[in-house]
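To keep things clear, I will list the structure first and then write my remarks on it.
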Amino acid sequence: MQKLEVFGASRLKGQIKISGSKNASLPILAATLLSSKKIFLKNLPKVKDIETMISLLQSLGSKISYDGEKHIIDNSNQKKFFASYNLVKTMRAGILVLGPLLAKFGKAKVSLPGGCAIGTRPIDIHLKALSNLGVKYKIFQGYVHAIAPKGLIGTKIKFPQISVGATENLIIAASFAKGTTILSNCAVEPEVLDLVNFLKKIGCSIKWISKRCLSIKGVKKINEIIYSIMFDRIEAGTYLVAAAATEGNLRVKNVIPSLIKTELNILRKIGAKIKVKRNEIHIIGNKDIKNISFKTAPYPGFPTDLQAQFMVLLCKAKKDSFIKEDIFENRFMHVGELNRMGAQIKINGNKAIISGNTDFQAAELMATDLRASVSLIIAALTAKGKSVINRIYHLDRGYENLEKKLKKVGAKIKRSG
Ligand code: EPZ
């Protein structure tokens, strides 16, 4: 089992280029199933979850190759509609093939994704909304067996709560439905907008009619296109927090600063100096870190995917901070490990009370989920001595070349085992 050794303390100095967004790539890869033409995708991040989604598409009959610059996805002979457990279990976003398979074939058998460390991750919102489009389904032996006897029929759907994945599944399915679908109470994460931009480019008829409301007119004709995936705003936020926590001086490039306004404002409130250019953010960390409180929320609120990282930063504030995790029911798995490094964080339900003035101590640590793992790295960067983070396969799911990027800006970090 591979692990990472981090020799702290170090200050991050220099510049980091941000990769393509994992969470924009996954729904866009699933949406390529709609097309019987070739689709060319640039800027897919080289991370495990993308490899898994590519394997899942290949198991469905997609022909996928990479020419060193872009991925070529050819679904002209893609005929299968069975997405197996062994692929979906390791990458929950596999459920995103359900919408496109139903749109293309009118039937699908897709493994239930199952839960993960941060929560049970149900898909009831996906399924209820698909049934509004005329899908009949049953859950049997761990699979969703779904069929649209009369094809998908456009209608009005209001999501009972905001769900990124359900919004994405329904946007893709409705793109091939008969007639028009109105989706309201949609998630509006930048990754959802990137999916909409992609679908419009391949010829789908989609438009935002108000902040969280989409009108989607079903089409059948799809164009062959080349599309470049947006930047990974969570990767960008992660490195910005790492720079703030290590009193660093970092330029983060290949970003669209306006898409991470909330995070930048919080970093300024904490005391970091932030300068924004067209596709670059320059951050200078401050020795005096101020405490703040926030709760996680759907975009444009504070992203749950940066909660663990900011918690590490707040451990170093002068006074106590409070975080409320309002999206997932179990997203404090990093707290136990941070407390083993000397943090004093108390959990009360979905609230965390973070005592300040923590000097993290190097320790042997265990990663539990993608974002918790990277928060341990940030803490280890500030701790004097050698920390070891085990089970780093969690990290490899979502961070491209993490140790290479960190080494380039002064971190002493190496992979072993
Ligand atoms: C997406 O997950 C992201 N994953 C997550 O990022 C992210 O944390 C999450 O959105 C919230 O922003 C990808 O995009 C691949 P949701 P998703 O449906 O779509 C509940 C990372 O670290 N819910 O918006 O699964 C659900 O349990 C990952 O990159 C239902 O109850 O999130 C959660 O409590 C982690 N029923 C809440 O809604 C449903 O049918 C939000 O989930 C669907 C969701």
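Taken one residue at a time, the phi angles of the range 348-359 give Karplus couplings (6.51, -1.76, 1.60, θ = phi - 60°) of 9, x, 9, 10, 10, 9, 9, 6, x, 6, 8, 9 Hz. Gly and Pro are set to x. Accessible surface for the chain, divided over its residues, is 40 Å² per residue with a 1.4 Å probe. For the range 389-404, backbone phi angles converted through the Karplus equation (6.51, -1.76, 1.60; θ = phi - 60°) give residue-by-residue couplings of 10, 8, 6, 7, 4, 4, 5, 5, 5, x, 10, 6, 6, 4, 5, 5 Hz, Gly and Pro being listed as x. Helical runs (DSSP H, four residues minimum) scored at -39500 (n - 2.57) apiece and divided by the length of the chain put the mean residue ellipticity at 222 nm at -9000 deg cm²/dmol. Note on the range 22-228: along the principal axes its Cα atoms extend 42, 37, 32 Å, ordered by decreasing extent. Taking Ser65, Ser321, Ser111 in turn, the Gaussian network model of the chain (Cα-Cα springs below 10 Å) assigns the largest fluctuation to Ser65.
Rolling a 1.4 Å probe over the protein heavy atoms of the chain, with every protein chain left in place, gives an accessible area that is 54 percent carbon and sulfur.
Shown in residue order for the range 213-225 are the 3J(HN,Hα) couplings computed by the Karplus curve 6.51 cos²θ - 1.76 cosθ + 1.60 at θ = phi - 60°: 10, 10, 10, 10, 9, x, 10, 10, 8, 10, 8, 7, 9 Hz (x for Gly and Pro). In this structure the amide hydrogen of Lys178, modeled in the peptide plane, comes within under 5 Å of the amide hydrogens of Leu152, Ile153, Gly154, none closer than 5 places in sequence on its chain.
Summarising the amide proton neighbourhood of Ile16: residues at separation of 5 or more, or on other chains, whose placed amide H is nearer than 5 Å comprise Arg251, Val252, Lys253. Where in the range 207-274 are there GluC sites (Glu not before Pro) that are in a DSSP coil and have at most 15 other Cβ atoms within 10 angstrom of their Cβ? Here the GluC sites (Glu not before Pro) that fit, given the DSSP loop and packing criteria, are Glu224.
Enter the angle in degrees (range 0 to 90, nearest 10) between the Cα long axis of helix 261-270 and the first principal axis of the Cα atoms of the chain, meaning the one along which they spread out most. Helix 261-270 sits roughly 10 degrees off the main axis of the chain. Projection of the Cα convex hull of the range 83-125, averaged over all directions and equal to a quarter of that hull's surface, yields 3.1 nm².
Note on Ser36 and Lys156: their simple-model spin labels are 3.5 nm apart, each label 7 Å out from Cα toward Cβ. With bins 10 Å wide beginning at 0, the percent of Cα pairs of the chain falling in each bin runs 5, 23, 31, 24, 14, 4, 0. Length available on full extension from Ser228 to Lys17: 0.36 nm per residue minus the Cα-Cα distance, which gives 74.4 nm. Which angle between 0 and 90 degrees, to the nearest 10, do you get for helix 164-174 versus the longest principal axis of the chain when only C-alpha atoms count? Approximately 20 degrees, to the nearest ten. Given in Å, the Rg to one decimal and the Dmax to the nearest whole number for the Cα atoms of the range 169-321 are 18.9, 59.
When the surface is traced with a 1.4 Å probe over the full set of protein chains, Glu329 keeps roughly 120 Å² accessible. Under 5 Å from the amide H of Lys158 lie the amide H atoms of Ser184, each residue being 5 or more positions distant or on a separate chain, with H modelled from the backbone and absent for Pro and chain starts.
R0 = 51 Å: FRET efficiency of Lys107 with Lys412, Cβ-based, nearest 0.05? Calculated transfer efficiency: 0.45.
What shape does the range 141-192 take by its C-alpha gyration tensor, where a ≥ b ≥ c are the square roots of the eigenvalues and a/c under 1.5 counts as rounded, a/b above b/c as prolate, and the rest as oblate? It comes out oblate by the Cα gyration axes. Compared with the dominant Cα axis of the chain, that is its longest principal axis, helix 370-382 is turned about 20°.
The values are calculated or read from the model by the stated rules, or taken from the named source; none is laboratory data. In this text the structure is predicted, and so the values were computed from the model without any measurement. Backbone-built Cβ (ideal geometry, glycine too); neighbour counts: all protein chains shown. Only protein heavy atoms, including side chains, enter the accessible area calculation; ligands, DNA and RNA are left aside. Shrake-Rupley method; radii C 1.70, N 1.55, O 1.52, S 1.80 Å.
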